[in-house]
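S.K.: Before we start, here is the structure in question, set down as structure tokens.
Computed from the coordinates by the stated procedures, all read-outs in this text should not be read as laboratory data. Predicted, not measured: the structure shown is a model, and the values here were computed from it. Because the Cβ atoms are built from the backbone with ideal geometry, glycine has one as well, and the counts that use them run over all protein chains shown.
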Amino acid sequence: MDSATNTDSTPRSLVVMGVAGCGKSSLGQAVAHALGWTLLEGDDFHAPESVAKMRAGVALDDSDREGWLDRLGEQLRGHPEGVVLTCSALRQRYRDRLRAASPGLRFAFLDLDQATAFQRVASRPGHLFPPSLVASQFATLEPPLAEPGVLRVDARLPLERLCAEVVDWLAAGGTTAAVPVPQP
């Protein structure tokens, strides 16, 4: 599906969200490519001080995320042609803030268990997010299970299947209820 096949009822902005290691960047890139939309990596918009904190193994707090969320909202507004943003969006108030910046915003929630997230993050040497911070992500996470405009997917599935699920869901308007994802 490319942008030429989108209808007016198709949402034009998506946040691929979840904890570190869930596959946000991979899925975001695949969905953006499939739809012909712009891809924005949320990590690219962190303040240098926040990047330094994460690299040092210090979890960000809400005050660290304030300016970051503002910058992400500006980016979402700046791409009316279609945009996929990768962003942890761990708390509902963060998601609500992004929704306020981009009415009609949809979220694909990559659901993953903590042990698998830790393994994935540990296998990424040199990444700004160290494995020592994975537990803090799960402590902060408020799963968007009852929120509208959210598709919950199993982050352990093959990338091609995840991409197809998200693209099909968006093509259908991005409003259908998500099915529960079993955890091991």
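S.K.: On full extension of the chain, what length is gained from residue 62 through residue 115, given 0.36 nm per residue of separation minus the C-alpha to C-alpha distance? Walk me through the numbers before you get to the answer.
M.R.: Details: separation 53, 0.36 × 53 = 19.08 nm, distance 2.49 nm.
Value of the extension gain: 16.6 nm.
S.K.: If you don't mind, there's one more thing I want to ask. Would you compute, from DSSP H runs of 4+ residues alone, the mean residue ellipticity of the chain at 222 nm, taking -39500 (n - 2.57) per run and dividing by the full residue count, rounded to the nearest 500?
M.R.: The helix-only estimate for the chain comes to -12000 deg cm²/dmol at 222 nm.
S.K.: Still on this structure, I have one more. If neighbour count is taken as other Cβ atoms inside 10 Å, put 13, 132, 88 in order from fewest to most. List each step's numbers first, then the result.
M.R.: Values: 13 28, 132 14, 88 22.
The fewest-first ordering by Cβ neighbours comes to 132, 88, 13.
S.K.: What size of dipole, in debye to the nearest 20, comes out for segment 10-171 about its Cα centre when the only charges are +1 on Lys and Arg C-beta atoms and -1 on Asp and Glu C-beta atoms?
M.R.: Numbers: 18 positive and 20 negative charges, 16 e Å.
For segment 10-171, the charge dipole is close to 80 debye.
S.K.: Calculate, in nm to one decimal, what residue 96 and residue 168 gain on full extension: separation in residues at 0.36 nm each, minus their alpha carbon distance. Present the calculation step by step, with values, prior to reporting the outcome.
M.R.: Values: separation 72, 0.36 × 72 = 25.92 nm, distance 2.38 nm.
Value of the extension gain: 23.5 nm.
S.K.: Within segment 72-122, report the chymotrypsin sites (Phe, Trp or Tyr not before Pro) that DSSP leaves as loop and that have at most 15 other Cβ atoms within 10 Å.
M.R.: Details: sites: 94, 107, 109, 118; in loops: none.
Taking segment 72-122 and a limit of 15 other Cβ atoms within 10 Å, no loop chymotrypsin sites (Phe, Trp or Tyr not before Pro) are found.
S.K.: Treating the angle as unsigned and between 0 and 90°, give the value, to the nearest 10°, between the Cα long axis of helix 92-101 and the longest Cα principal axis of the chain.
M.R.: Taking Cα atoms only, the helix is inclined about 50 degrees.
S.K.: If you don't mind, another one. State the label only: which of (i) 19.0, 68; (ii) 15.4, 45; (iii) 16.4, 55 corresponds to Rg and Dmax of the Cα atoms in Å computed from the shown model?
M.R.: (ii)
S.K.: So, one more: Tell me which residues come under 5 Å, amide H to amide H, from residue 15 once H is placed; ignore anything under 5 positions away on its chain.
M.R.: 85, 106, 107, 108
S.K.: Place a point 7 Å from Cα of residue 124 in the direction of its Cβ. Which residues in segment 62-106 have their backbone N less than 13 Å from it?
M.R.: Zone members listed by number: 86-89.
S.K.: Which angle from 0 to 90°, rounded to the nearest 10, does the C-alpha axis of helix 24-35 make with the longest principal axis of the chain?
M.R.: Taking Cα atoms only, the helix is inclined about 20 degrees.
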